[in-house]
Amino acid sequence: MKLTSKPADGNPGFVEVRKFLHAGQQSYPRTLDLEADPAEELRITLQPGTMVGEALRKVLARYGQRGGVGRMCGGTARRLHYHRIENTPDKNRPYDYGPPHVLEGAITFVTGAITVGQNPEGKVLLHCHSGFIDGDGAIHGGHLLLDTVEVGDDPLIIRLCLFSRGAFVVNSDEETHFSLLHPTPMES
């Protein structure tokens, strides 16, 4: 599905809306939420020059295996890599992350949603979708690879909420043919 519209001011422009139809069989029921009280709230300030993924893993190591969600609340980067979803010629997986886009220079974060998950062996996975502005004022966004992000001249502020008895564990998804983070109960 594609929608286009003309702004009210008459200037040419359009809005594109794409509907993703995956090739796999829809699987139900899906776990949509999991209550996991209590939780711990963290505010993390990463200083200029810090590699974000490495620093977050060091913080998370103090709290044991658990899941969490978080937000990038402000700050800058000097360098980062991100991916965007692209169409593929593969009928079984018609959408996939394209090649990495690399940005360097003055990058300002607008927002970012972080999921703290783990693979089936318990290794920490950091998943982030973010929006940011480069030094020329162009807006970018997509799947941010936190291990490639170097904090810029302004500290990066991250808020995390870590769950005590729940995690997001990677499992394959029959519908999308992606490995997705699924809410999973855990012992505290």
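The values are calculated or read from the model by the stated rules, or taken from the named source; none is laboratory data. None of these values were measured; they are calculated from a predicted model. Cβ: placed from backbone, ideal geometry, glycine included. Neighbour counts: every protein chain shown. For accessibility, only protein heavy atoms count, side chains too; no ligands or nucleic acids. Shrake-Rupley method; radii C 1.70, N 1.55, O 1.52, S 1.80 Å.
Pairs are defined by a Cβ separation below 6 Å, a sequence spacing of at least 6 or placement on different chains, a first member in region 59-73 that is under 11 Å from Gly112 (Cβ atoms), and a second member that is assigned to a strand (DSSP E or B) and open to solvent by less than 80 Å² (accessible area, probe 1.4 Å); the pairs so defined are Gly70/Ile114; Gly70/Ile158; Gly70/Leu160; Met72/Phe109; Met72/Gly112; Met72/Ile158; Cys73/Ile157. Output yes when any residue across region 132-139 is open to solvent by 20 Å² or more (accessible area, probe 1.4 Å), within 27 Å of Lys58 (Cβ to Cβ) and not aliphatic (A, V, I, L, M), and no when none is. Looking for residues that are open to solvent by 20 Å² or more (accessible area, probe 1.4 Å), within 27 Å of Lys58 (Cβ to Cβ) and not aliphatic (A, V, I, L, M), one finds none in region 132-139, hence no. Within region 109-123, the set of residues being part of a strand (DSSP E or B) and not hydroxyl-bearing (Ser, Thr, Tyr) comprises Phe109, Val110, Gly112, Ala113, Ile114, Val116, Gly117, Gln118.
Scanning region 72-96 for residues that are loosely packed, with under 15 Cβ neighbours inside 10 Å and assigned to a strand (DSSP E or B) returns Ile85, Glu86, Asn87, Asp96. When Ala55 is tested against (1) modelled with pLDDT under 95; (2) out of contact with any Gly (no Cβ under 7 Å at 6 or more places or on another chain); (3) surrounded by 14 or more Cβ atoms within 10 Å (Cβ to Cβ), only condition (1) is not met.
Mind checking whether some residue in region 107-122 is exposed (fewer than 14 other Cβ atoms within 10 Å of the Cβ) and at pLDDT 85 or above? The answer is yes, given that some residue of region 107-122 is exposed (fewer than 14 other Cβ atoms within 10 Å of the Cβ) and at pLDDT 85 or above.
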